[in-house]
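The values are calculated or read from the model by the stated rules, or taken from the named source; none is laboratory data. What you are looking at is a predicted structure, and each value in this text was computed from that prediction instead of being measured. With ideal geometry, Cβ positions are generated from the backbone for all residues, glycine too; neighbour counts draw on all protein chains shown. Note: areas computed on protein heavy atoms with side chains; ligands, DNA, RNA excluded. Shrake-Rupley method; radii C 1.70, N 1.55, O 1.52, S 1.80 Å.
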Amino acid sequence: MTLERVTVLGATGSIGTSTLDVLGRHPERYRVHALTAHRSRESLLAQCRRHRPAVAVLDAEEDAAWLRGQLAEAGLATEARAGREALVEVAEAREVNTVMSAIVGAAGLLPTLAAVEAGKRVLLANKEALVMSGALFMDAVTRHGATLLPIDSEHNAIYQCLPVDHRGGLVRHGVTQLLLTASGGPFRGWSRDDLVRVTPDQACAHPNWSMGRKISVDSATLMNKGLELIEACWLFDARPDQVQVVVHPQSVIHSMAAYSDGSVIAQLGNPDMRTPIAYGLAWPERIDAGVEALDLFRIARLDFEPADEVAFPCLRLAREAMAAGGTAPAVLNAANEVAVEAFLAGRLGFTAIGELVGRVCDECPVMPADDLETILEVDALARRAARVRLARQ
Ligand SMILES: NC(=O)c1ccc[n+]([C@@H]2O[C@H](COP(=O)([O-])OP(=O)(O)OC[C@H]3O[C@@H](n4cnc5c(N)ncnc54)[C@H](OP(=O)(O)O)[C@@H]3O)[C@@H](O)[C@H]2O)c1
């Protein structure tokens with residue numbers, strides 16, 4: 001068997017560490033080419049000791065210099081590099097077959113696009129990249145012959161429930177609806193008044209999944225489900241009205257596809273991201289992910305309910321942004337990133353996240369999202385607009 005060489009973008013995060021866990025179980029199949037982090041140099045060093053990549057990337061030169069010293073002391077041949085260019089280079093490197101895109105937020109866009117344009121197998125966890133640049137991104141996948149495998153558990157589930165070649169729109173394959181499941185987050189059933197005093201630690205305590213802080217807040221506001229709705233539209237060529245959000249508190253069904261003959265196909269499993277990660281790594285084969293087998297008797301029941309878009313307006317805002325098209329999803333994403341950062345820093349209330357995002361979406365004109373320059377400009381513009389509003393609070 002030839003070794004697959006893998007770059008893990010965002011290696012020190014929740015998805016990154018789960019990816020390394022799966023890779024470490026299959027040394028006969030995979031070799032780590034590069035690992036990247038933003039500032040977590042100690043964690044990256046520990047990962048270099050364990051996985052011995054050819055390259056390790058940090059954001060700042062000062063951190064890369066520190067890492068270089070530590071690697072030399074440990075007698076490791078890993079090259080330590082810094083900056084955005086290095087991120088792009090390890091994503092498109094000739095010797096790399098597979099790129100795990102697990103940087104959080106807009107920072108993941110350029111290296112992920114670079115991997116797509118280099119025709120790699122791209123395991124897409126970084127949903128923000130697709131939300132920002134949907135049409136451009138999917139067009140690049142086709143033009144450069146990249147293999148795009150969704151890692152978000154919901155989209156990975158839908159991917160498994162659709163025919164192998166599902167291009168050309170859902171209707172063509174007899175699919176009437178995609179049923180996107182949502183746990184409902186830690187505040188399911190809470191009213192808008194209850195939500196006003198929510199703290200960052202409460203918002204990050206997800207009932208079923210252990211994740212990074214940004215996505216945990218997104219899950220609590222239901223913006224995560226909104227971003228996923230947009231992601232589903234691009235990945236599966238669906239209209240927003242063909243994607244129904246179904247709150248399913250047990251997070252056992254990861255999503256479903258409904259067909260015109262009345263069949264509904266679901267993918268089930270324990271809530272552990274190593275399942276979709278292993279699926280993406282090995283597709284079309286299957287490998288051990290280290291995930292405990294699902295015990296249906298222990299689960300005993302599965303519940304379903306509609307999402308509450310009054311208490312959680314972010315889901316509606318995302319649907320509206322997708323319907324508006326063009327740069328609207330990029331504006332939504334940028335405003336949300338600024339709002340979540342402010343909430344986590346204690347500078348914005350929980351319910352104010354949706355209010356701020358809604359105001360910025362109203363304020364920024366929608367333009368065609370035909371090229372990367374426009375998307376990056378709009379991203380910067382929306383961040384500025386959000387910061388101005390924040391400063392006025
Ligand atoms: N966690 C999940 O279960 C899950 C499920 C589905 C989808 N996703 C998606 O996967 C992505 C990663 O989520 P996560 O929960 O793994 O996030 P996370 O735990 O916060 O990790 C983020 C990773 O990205 C790096 N990073 C952060 N900012 C960066 C920047 N400006 N430039 C370069 N690297 C940067 C971090 O490095 P440092 O450690 O140095 O900060 C870390 O390695 C997100 O887009 C999320 O929506 C996550």
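For this structure, a couple of remarks:
- Leu113 being more than 16 Å from Val32 (Cβ to Cβ) and open to solvent by less than 60 Å² (accessible area, probe 1.4 Å): yes
- Inter-residue pairs, beta-carbon under 8 Å, first under 15 Å from Val116 (Cβ atoms) and in region 80-97, second in a helix (DSSP H, G or I) and charged (D, E, K, R), 6+ apart: Glu92/Glu117
- Members of region 233-262 that are of a type in the set (Phe, Trp, Tyr), open to solvent by less than 10 Å² (accessible area, probe 1.4 Å) and within 16 Å of the ligand (Cβ to nearest atom): none
- Flag if Ile265 is under 20 Å from Glu231 (Cα atoms), touching a helix residue (DSSP H, G or I) at 6+ places or on another chain (Cβ under 7 Å) and open to solvent by 30 Å² or more (accessible area, probe 1.4 Å): yes
- Flag if Val246 is touching a His at 6+ places or on another chain (Cβ under 9 Å) and either in contact (Cβ under 8 Å) with a residue 40 or more places away in the chain or of a type in the set (A, V, I, L, M, F, W, C) (or both): no
- In region 292-308, the residues that are more than 20 Å from Met256 (Cβ to Cβ) and surrounded by 18 or more Cβ atoms within 10 Å (Cβ to Cβ): Asp308
- Here Asn156 fulfils each of the conditions (1) within 15 Å of the ligand (Cβ to nearest atom); (2) part of a helix (DSSP H, G or I); (3) open to solvent by 40 Å² or more (accessible area, probe 1.4 Å); (4) under 30 Å from His248 (Cα atoms) apart from (3).
- The lone criterion from (1) closer than 16 Å to Trp234 by Cα; (2) open to solvent by less than 40 Å² (accessible area, probe 1.4 Å); (3) not assigned by TED's automatic domain parsing to the domain that holds Glu85 left unmet by Ala129 is number (3).
- Given (1) more than 15 Å from the ligand (Cβ to nearest atom); (2) assigned by TED's automatic domain parsing to the domain that holds Thr275; (3) open to solvent by 10 Å² or more (accessible area, probe 1.4 Å), number of the condition Cys161 does not satisfy: (3)
The rows are residues; the columns are (1) touching a residue at least 24 places away in the same chain (Cβ under 8 Å); (2) away from the ligand (no atom under 16 Å from the Cβ).
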position: Val171; (1), (2): no, yes
position: Thr176; (1), (2): yes, yes
position: Ser183; (1), (2): yes, no
position: Ser191; (1), (2): yes, yes
position: Ser216; (1), (2): no, no
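- Taken over region 195-210, the criterion of being surrounded by 16 or more Cβ atoms within 10 Å (Cβ to Cβ) and outside any loop (DSSP other than H, G, I, E, B) is satisfied by Leu195, Pro200, Ala203, Cys204.
- Residue count, region 66-98 (criterion: more than 27 Å from Ala140 (Cα to Cα), surrounded by 14 or more Cβ atoms within 10 Å (Cβ to Cβ) and either of a type in the set (A, V, I, L, M, F, W, C) or in contact with a Lys or Arg (Cβ under 6 Å, 6 or more places away or on another chain) (or both)): 5
- Take the conditions (1) at pLDDT 95 or above; (2) more than 28 Å from Trp234 (Cβ to Cβ); (3) of a type in the set (Lys, Arg); Arg359 misses just one of them, which is (2).
- Residue in region 372-392 that is open to solvent by 20 Å² or more (accessible area, probe 1.4 Å), part of a loop (DSSP other than H, G, I, E, B) and either at positive phi or out of contact with any Phe, Trp or Tyr (no Cβ under 6 Å at 6 or more places or on another chain) (or both) present: no
- Of all the residues in region 269-307, those that are away from the ligand (no atom under 16 Å from the Cβ) and out of contact with any strand residue (DSSP E or B) (no Cβ under 8 Å at 6 or more places or on another chain) number 16.
- Residue ID - farthest from the ligand (Cβ to nearest atom), chosen from residues in region 18-75 that are out of contact with any helix residue (DSSP H, G or I) (no Cβ under 8 Å at 6 or more places or on another chain) and polar (S, T, N, Q): Ser43
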